[in-house]
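Working notes, structure below.
The values are calculated or read from the model by the stated rules, or taken from the named source; none is laboratory data. Keep in mind that this is a model prediction, so the values were computed, not measured. Glycine also receives a Cβ, built like all others from the backbone with ideal geometry; neighbour counts cover every protein chain displayed.
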Amino acid sequence: MKRLLVLVLTLCILSLTVFPAVAQDRPDLLIWADSTRAPALQGLVEQFSEEYGVTAEVQEIAMGDIRSNLPVAGPAGEGPDIVVGAHDWLGEYIQNAAIVPVELGDVAEQFSPSSLGLFTIDGVLYGVPYAVENLAFFRNTDLVPEAPATWDEVFEITAELVDSGTSQFGFVIANNASYDFFPIMTAFGGYVFGRDDAGNFLPGDIGIGSAGTIAAADYIKQFVDAGYLNADINGDAQIALFSTGDAAMTLTGPWWLNRLREAGVPFAISDIPAGPEGPGVPFIGGQGFMVSAFSENQLLAQVFLGEFMATTDAMLALYNVDPRPPAFLPALEAIEETAMAEFQQAGAAGVPLPAIPEMASVWGSWGNALQFVVSGELTPEESYTQAQTQIVELIGAMDAAPTSVGLVGNFQALLGCASDWAPDCENTFMTSNGDDGSYSITTAALPAGDYEAKVAFDGAWDRNFGAGGTAGGDNILFSVPADNTLMVFNFDADNALSISEGSVALVGSVQSALGCPGDWQPECAETEMTPNGDGAFTLTTAALAAGDYEVKVALNDGWAINYGADGARNGDNIAFSVPADGTEVVFTFDATSNVLTVAAGS
Amino acid sequence: MAAIVGQAENFGGFSAPAPKWSIALQWLLLLVVDAFGIFLAVSIGQDGNWFFAIAIILTLLLINVVTLVPRLWPLKWVSPALALMIILSVYPLLYTLYIAFTNYSDGHRFTKVEAVELLGERRYLPEGGTAYRWLVFQNEAGDYALWLTDDAGESFFARPNTALEAVTPNDSGSAPYNEDGVPASINGYTLLEGGARFRAINDIQDLTFGDAGNAVGIQSPQAAGVFEQQWVYDSATDTLTDRATNTVYSANNVTGEFVAPDGNTAPIGFWVTVGFDNFARIVSTTLSQGPLLRVVLWTIAFALIGTLSSFGLGLVSALVLNGSSFGMRLLRTLMIIPYAVPGLVSVLVWRGMLNANIGVIPTTMESLFGWAPPFSTDPGWAKFAILLVNLWFAAPYFMLIASGALQSISSDVYEAADVDGASRWTQFWRITLPLVLVSLGPLLIASIIFNFNNFFLMEALFGGGPPMAGTSAPPVGHTDNLISYTYRLAFAAGGTKDYGLASALGVIIFVIVGALTLLQFRLTRTWEQVSENV
């Protein structure tokens, strides 16, 4: 055994000294690029190495693998310094802390602002763009000499061409191409994610089931009903049909240019036609360079990108292998290809392809929805409502019923919670108002002052809502005008929290005797109770005849929030007796404990 | 495995004293294996993957013990196989099992220590700090210095461990200023440009310039300044502080996040064990829904029909082509082509051929009969198409092995049957099929297991489509089987890649396949008994 130990120890030392020396040296800069871009970069990088004496290498890796492997290889120390990828990877990369911000300095002015916008998240630039791309409207100029201005015209032209037998298809779209469907959607008022004023996408506002989207699907359905489109046109068929002249119009991007030219079909590129809600806008996508957060040479990588890649020569070299409109303006100007300008024109008002991680949950259901419409299996409304439901569910099970709805804020400690901002504090759990999906809670225990609040589901932060009903939104500010004001917090089915001062009414079989038109009417002003400044409300009367009565307390002139025996929400009626006509009865409602006490006679 | 070990022990009975050179060779071999293994373990351990490093070390120890302890020498012959099995099979299995009990997914890819470390690398410019634009200088001794310019246009010369020196234009010791207001050299330091500057960058990125109170570091190509660590972790309170906003994030060790009082989370989460949560999610969200049942039924149907149909066709082809004439041999060779062409290529070709608008099969049928099956859009026809393509792939394989099995059946048996007056048909059912099944039965079961997990065909031919209407998330198609549904559930459809959930599903599928394998062993034994009786 001793022999064994000695041997193993010797081996340890041996291996630690010998093998690291054998291990390969890394270049100063390692770049991951896909097979399209790698050859162009290879040339550039060799030139760079020669010129500056810094070793740099390009590794060819499949596009999808670059995306998924950086967060895996990076932490293991095997990753690159720079990756070439698409801007919509940013969300996932940032979520996994895989990339770092880049700074371009003065060079930034030479990039198109929209391309920089694509790579900017929360005001921070995360990549150096080299190309922007978007869909444009393609037409076969033999069949359609003039570019149609509206989608209605597209349908008319299609009907004419197909009915007359001039061409097999008019306008074609692939059966599940949600990306291609987007420009039509927007022309009809549809959207994918809502955006705030700063242009950030709101994952809580999904427009796949919106009226505009459904209207656009109705438009496509026209084609299907008339037999101008069928369910079996996939992406392969779409390009095959257009390049053989069997289809007259379609939507596609610069990546098809070479293939269409080789096919020899006469075509022209124009703007996206307009719909009832204005011109359709395509998604804008960006390709660019990102710097790995796991790189040990981040500074060098940034200098390389800012000073070597951000030059006309380097950008043109990339353009020549992969002709997409350059993001680098001097390079764009240097190109004689008119199609690039036409694409840029078609995408001038485009919407950035959302780079938020939630977008990954959208594609599948969104694409299927179009397929259901084209196959006729579902109506546009059924189809897109179903897709909306699926997406909402995927994005965080937002529509699952919460196990608890907690009011959280910087006032919770005042309400007996262990701390502020405690989503699991039962004292501030809100109570359901019934079937309408709204919840509320009231309190009169807050001192005068300014407060902040939010709502959190399930006793945790995973699902929380702030201003405007936005998931994870900003805190909601409110103020309590005077100590012990009764505050009513109402959280509605749209996840919006409203906060108001509350009024308290005594309701019950006493009301008609007190001047109300009838009994049990929370909206009756005659039995409104008066605040006495310390969180209690009172009503005193001597107008009741002798007999047995039942009462409760209702807040804000409605039944949504009412308190009965023992201060229980929707609790039992409180019974009391008046011994003799004209006995003075004092009703006192403690808005902190929600208990109504009745004192009849002295 | 038990059987193999048993055999090895039998060999042990023959052990004779080994010659000296053999022992020396063994030791040398062991030395190399150990050195390589330790190197592997250390480098993998350095990357933070301690589980794997430990697994390698344990395997290595096993090899050492087996080789060095004389009593265990018999085991040494199987130790390479055992070691590989541990590393490549047992370890991944255990690791998957472990991951199934964690929330390892996008946003939770790091351990807490790693997350804190990563955040700790982020720097910020504290309020009141100055960001300078910088240029780098170097003197003959190789020391670096920076030329700093602040927003007001004031310039400073900064050397390590020396206070910043304000520079006045055309100061003594400096060369004339260029158009940017920078001298080509100053105090014996020369401005680095071009390649010299690029080469200097890796040296200067970790240096600070200026004295202790004002240690200027380089933050980016545009900015240098006194940047400070932005995120500070306090292990005593288990909190993370963002010094830029002075927000304290407390670690939530149940969800794997750092949470601020207002509910916002720190940019990086970490992974934690979550018990049976992933399994509970599978049960609550998927088992309770309709699609899973349909997916399971299709998975089983495809595994059985796909295997049996291709076995049937393969066997028939083998019987028909069981001759030795040139034509037969040519046909047999041609039949093997589908087996030889790369699968993905074949599937893509099939996908094109089945397309209703451009595919050769539907367009031909359309012109001949005026009707063509909607292969890719009708659920039933899509399943039929998948079975068809599977036939194309698998039948040649079965033909190949069935031919072999047919050769092994003695012609005596058929002669005896002829004498007894059995018809060809009876001979096939009573003699050929049972005897072929004896040798091919286990392969059939293996093939069913393979088809049970056939992700490739489902994903490549129609991507699981056509989609199934009326399901809840995630979207699922009519031709999705369990494994492609798993893929959609855990990676493709969700906003995040959820490895924890995928592992949990993997464990469930493993249990199913494991049960099938047990069945295979049992059946194999039955067949063995049959063959003994023949």
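Odds and ends about this structure:
- Restricting attention to the stretch A:363-378 and to residues that are facing another protein chain (nearest Cβ under 9 Å), surrounded by 24 or more Cβ atoms within 10 Å (Cβ to Cβ) and among the aliphatic types (A, V, I, L, M), the residue that is farthest from the chain's Cα centre (by Cα) turns out to be A:V374.
- Against the criterion of being buried (at least 22 other Cβ atoms within 10 Å of the Cβ), hydroxyl-bearing (S, T, Y) and assigned to a helix (DSSP H, G or I), A:Y130 does not qualify.
- Within the stretch B:252-277, being more than 13 Å from every other protein chain (Cβ to nearest Cβ) and not in a loop (DSSP other than H, G, I, E, B) holds for one residue alone: B:T273.
- When residues in the stretch A:327-362 are screened for being assigned to a helix (DSSP H, G or I) and more than 8 Å from chain B (Cβ to nearest Cβ), 15 of them pass.
- Selected residue (criterion: farthest from A:W256 (Cα to Cα)) from residues of the stretch A:162-180 that are out of contact with any strand residue (DSSP E or B) (no Cβ under 9 Å at 6 or more places or on another chain) and of a type in the set (S, T, Y): A:S164
- Those residues of the stretch A:488-503 which are among the aliphatic types (A, V, I, L, M), assigned to a loop (DSSP other than H, G, I, E, B) and surrounded by 18 or more Cβ atoms within 10 Å (Cβ to Cβ), in sequence order: A:A496
- Top-ranked residue in the stretch A:215-229 [being in contact with a strand residue (DSSP E or B) (Cβ under 9 Å, 6 or more places away or on another chain) and not in a helix (DSSP H, G or I); ranked as surrounded by the fewest Cβ atoms within 10 Å (Cβ to Cβ)]: A:Y228
- Residue list for the stretch A:274-310, filter: over 14 Å from A:V54 (Cβ atoms) and of a type in the set (V, I, T): A:V281, A:I284, A:V291
- The set of residues in the stretch A:504-529 that are surrounded by fewer than 16 Cβ atoms within 10 Å (Cβ to Cβ) and in a loop (DSSP other than H, G, I, E, B) comprises A:G515, A:P517, A:G518, A:E523.
- Of all the listed residues (A:P402, A:P447), the sole one being modelled with pLDDT under 85 and either within 12 Å of another protein chain (Cβ to nearest Cβ) or in a loop (DSSP other than H, G, I, E, B) (or both) is A:P402.
- Filtered residues of the stretch A:59-98 (kept if aliphatic (A, V, I, L, M) and more than 12 Å from every other protein chain (Cβ to nearest Cβ)): A:I61, A:A62, A:M63, A:I66, A:I82, A:V83, A:V84, A:A86, A:L90
- Within the stretch B:485-501, one or more residues are farther than 30 Å from A:L370 by Cα and in a helix (DSSP H, G or I).
- Of the numbered criteria (1) within 19 Å of A:T541 (Cα to Cα); (2) crowded, with 16+ Cβ neighbours inside 10 Å, the one A:A575 fails is (2).
- Filter pass, A:D122 being on the phi < 0 side of the Ramachandran plot and within 14 Å of chain B (Cβ to nearest Cβ): no
- In the stretch A:236-255, the residues that are under 16 Å from A:V132 (Cβ atoms) and either in a loop (DSSP other than H, G, I, E, B) or of a type in the set (A, V, I, L, M, F, W, C) (or both): A:G253, A:W255
- Note on the stretch B:203-233: residues that are within 13 Å of chain A (Cβ to nearest Cβ), assigned to a helix (DSSP H, G or I) and exposed (fewer than 14 other Cβ atoms within 10 Å of the Cβ) total 1.
- Among the candidates A:P325, A:P352, A:P330, A:P357, residue that is touching a helix residue (DSSP H, G or I) at 6+ places or on another chain (Cβ under 6 Å) and under 18 Å from A:L257 (Cβ atoms): A:P325
- Residue-level analysis places A:A293 among those that are over 30 Å from A:F188 (Cβ atoms) and within 14 Å of chain B (Cβ to nearest Cβ).
- When we screen A:N495, A:N484, A:N410 for residues that are outside the structural domain of A:T538 (by TED's automatic domain parsing), touching a helix residue (DSSP H, G or I) at 6+ places or on another chain (Cβ under 9 Å) and in contact (Cβ under 8 Å) with a residue 40 or more places away in the chain, the only hit is A:N495.
- Taking the stretch A:180-214 as the range and being in contact (Cβ under 8 Å) with a residue 40 or more places away in the chain, within 24 Å of A:A149 (Cβ to Cβ) and buried (at least 20 other Cβ atoms within 10 Å of the Cβ) as the test, the residues that pass are A:D180, A:F181, A:F182, A:P183, A:I184, A:M185, A:T186, A:A187, A:F188, A:T213, A:I214.
- Only one of A:Q371, A:Q390 that is in a helix (DSSP H, G or I) and either assigned by TED's automatic domain parsing to the domain that holds A:D534 or out of contact with any helix residue (DSSP H, G or I) (no Cβ under 8 Å at 6 or more places or on another chain) (or both): A:Q371
- Members of the stretch A:530-563 found to be under 30 Å from A:D492 (Cβ atoms) and either modelled with pLDDT of 90 or more or in a strand (DSSP E or B) (or both), listed by number: A:T530, A:P531, A:A536, A:F537, A:L539, A:V551, A:K552, A:V553, A:A554, A:L555, A:N562, A:Y563
- Residue count for the stretch B:244-263, restricted to those that are within 28 Å of B:F101 (Cβ to Cβ) and of a type outside the set (A, V, I, L, M): 9
- Out of A:E336, A:E382, A:E426, sole residue that is surrounded by fewer than 20 Cβ atoms within 10 Å (Cβ to Cβ), within 23 Å of A:A493 (Cβ to Cβ) and over 26 Å from the mean Cα position of the chain (by Cα): A:E426
- Complete set of residues in the stretch B:410-441 that are surrounded by 17 or more Cβ atoms within 10 Å (Cβ to Cβ) and in contact (Cβ under 8 Å) with a residue 24 or more places away in the chain: B:T432, B:L435, B:V436, B:L437, B:V438, B:S439, B:L440, B:G441
- Scanning the stretch A:450-468 for residues that are in contact with a strand residue (DSSP E or B) (Cβ under 7 Å, 6 or more places away or on another chain) and either away from chain B (no Cβ under 14 Å) or part of a helix (DSSP H, G or I) (or both) gives A:D450, A:A467.
- Lone qualifier among B:G470, B:G465 - being within 14 Å of chain A (Cβ to nearest Cβ), part of a loop (DSSP other than H, G, I, E, B) and buried (at least 17 other Cβ atoms within 10 Å of the Cβ): B:G465
- Just one of the listed residues (A:D424, A:D420) is under 14 Å from A:P402 (Cα atoms) and within 14 Å of chain B (Cβ to nearest Cβ), and it is A:D424.
- When each of B:A200, B:A236 is tested for being more than 20 Å from A:P101 (Cβ to Cβ), part of a loop (DSSP other than H, G, I, E, B) and modelled with pLDDT of 85 or more, the lone residue that passes is B:A236.
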